[in-house]
Every structure is written in structure tokens, then in C-alpha cells.
1. Any idea what the relative contact order of segment 1-148 is, in percent, if you count C-alpha pairs under 8 Å spaced at least 6 apart?
2. Place a point 7 Å from the Cα of ASN90 along the Cα-to-Cβ direction; which residues of segment 57-77 have their backbone N under 18 Å from it?
3. Let me cross-check ARG23: its accessible surface, 1.4 Å probe, with only protein heavy atoms counted, in Å² to the nearest 10?
4. As a test, work out the antiparallel percent of DSSP beta bridges whose residues both lie in the chain, rounded to the nearest 5.
5. Can you pick out the pairs among LYS113/LYS179; LYS117/LYS179; LYS226/LYS257 whose Cα atoms lie more than 20 Å from each other?
6. Expressed as a rounded percentage, what relative contact order does the chain have, with Cα pairs under 8 Å and six or more residues apart?
7. Report the net charge of residues surrounding LEU239, where surrounding means a beta-carbon distance below 11 angstrom and charges are Lys +1, Arg +1, Asp -1, Glu -1.
8. Using Cα-Cα distances under 8 Å and only pairs 6 or more residues apart, what relative contact order does segment 133-193 have, in percent?
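The values are calculated or read from the model by the stated rules, or taken from the named source; none is laboratory data. Just so you know, these numbers come straight off a predicted model, no measurement behind them. Ideal geometry is used to build each Cβ from the backbone, glycine not excepted, and the neighbour counts take in all protein chains shown. Each accessible area value is taken on the protein alone, full model and side chains, heavy atoms only, with ligands, DNA and RNA left out. Shrake-Rupley method; radii C 1.70, N 1.55, O 1.52, S 1.80 Å.
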Amino acid sequence: MKNYSVAVFGSSLRADFDKYSDRDLLVVANDFKTLEKLKETYSKDDWSISFYTYSKLEYLSKNGSLFIKHLQKESKTIIDPNDRFKDIINHFNPKTDYKKDIKDCENYFNIIKTVPKTTLGFAWFCDCLFVGLRNYLVFKNAENGIFEFSFIKLLNGLKEQGLINQSDINLLRELRVVKRNYREEILDELPSLDFIKKVIPIVKDLGILDSVKFVESETFQSLIEKSIIKRKFNPYQRLRLVEGYYCSQDLNIPELKKIVSNPQFYACKMKDNDFTLNLISEIKNATQHCIKIIAD
């Protein structure tokens, strides 16, 4: 008998699934050693995979994590010996309120108040905005006892409240397209500055992004180098800022991109100042190496 659980979850199970939707897979095991072995097995296919221990999922379930509610509402179990995964998600206890989570979401947007004026920089901004907006709306709904995870349905909810119109929805839905192109490195279909300038007033009116400044690459890099350690950014914000640092130079170095855009790193690695600064140093060195090759 297999000693781990596997489940498909998220947008691939919805009626509105399309080519821009994520294909999410969850793998759960007793310990990290087993998860490492399973990574080799499941990472070969075209899935966005989340790896958790049973104890971590149990902790999240008892503490009202909306990730567990997401699994409860939108998951299909593939492997689950003794219904262990099922028992965990069925014992989900929502929080009494999600005000702190909403505040954390609002603080998250601080990372995209300054944007590098490069093609990849614009794509990075849109990807960050999509993730932040979706999470913010999920928590705002949860505060009112509504558990919704479909980005399209979340936008339609805003329309029903009279906060945005159909034209706004059409623009914001394009963020999903940008996210897909950016993450799959379809570089000839990345967003323009004009597109971003159309999106910004919409999110400003929603009260989640009061200002956005576009700067040259060198200015952006200098700001990141000076502030990323001193300011109280959480590990995920740090990861995304280092990713922005990479994108500010329009680099195409797969090994580096794989590291700086991998959420699996932020929980344990990005808390470390030296690790964060070393990543920035690696990106800087890679840039200087590229410039030297061109010059030669």
C-alpha cells in the first residue's frame, strides 16, 4: 500500500478551466525524505505541484488556512490510504475573522509600487499583481463567510457590488494570460506599458495600490539592494523582489530563473539574509558576464 496521498485541486476542476488555468497537484507524505523521493516521480509531468507533510496540513486545517478550504471545495483525490488526506480537510475550522490576512495582502502590494522599465519587468509586475489581487479578494470574501477561489467569479462578485464594470473585468482577466506567458517564457506575448497603465486605475479604485512608479533598471536594482534586507519584507515578498531584480535586466538564464521564481524556496530559504543577498549577487555577476561577452 502506498504511504502517501495525491490529489488534483484548483482551477483544473472548474467549469471555467481553460488553457490559461493552472494544473495543480498536491502530494502529501509523512516526512520530507519521502517527499523528496516523490518529487522525482511527479515533477516529470506538466503539473504545478505542492508538496506537504501530513502534519503541516493538519496544522493548517486546525488554524483556519484557506488553502485547506480550497482543497475541501475543489479537490479530487487520486491516492489516499486510509482516507488520511480526506480526514484532514474535513476537519477544517475557519477563523473567526481574516482581518490580519487582509492586512497582510494589502502590505504585499508594497513590492510593486516601483517597477523596472523592461519587458520582463512589466510581466513581473502583472504576475505579482494577479497573485496579490486574487489572494486579497479571496480573503475579503472569507471575511464575509464566502469561500470563493475562482478569479473570474471573484471579479464578477466585484461587478455585482458595482465596484468594477465589464470592461474592467476584461482587462483584469488578461492578467491570467500574462501570468501564463511569463511563467512559460512565451516572450513574444508579454505585456506592454500601455496595458499596465490601463490596469493601474482599476486597482487604485479598489483601494489596494495607491501609486506605481516606473524607473530605469539601474535605479530599481539600487532600490532593491538598499531596502530588501532593511525593510520588513516577509520571505515571499523577498522572493518576488529578487525575481524583480532578475527581470529588471531582461536576462534569460534558466538556472537563475528557476531559483528566483520558485515559491518552494521562500518558506525556508528567503528568511536568510545571506541567502537573499547571494542570489542578488549571482544575478549581478551573471549580468556583468553577459555584458563582457557582448563587449568581447
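1. Numbers: 185 pairs, mean separation 32.8, N = 148.
Relative contact order here is 22 percent.
2. Residues 57-59, 61-62, 68-77 fall inside that zone.
3. Counting only protein heavy atoms, ARG23 exposes about 80 Å² to solvent.
4. Numbers: 9 of 18 bridges.
The antiparallel proportion sits near 50 percent.
5. Details: LYS113/LYS179 18 Å; LYS117/LYS179 18 Å; LYS226/LYS257 22 Å.
Pairs exceeding 20 Å: LYS226/LYS257.
6. Working: 362 pairs, mean separation 46.5, N = 296.
Value for the chain: 16 percent.
7. Details: positive: ARG238, ARG240, LYS269, LYS271; negative: GLU243.
In short, +3.
8. Working: 26 pairs, mean separation 10.9, N = 61.
About 18 percent, as a whole number.
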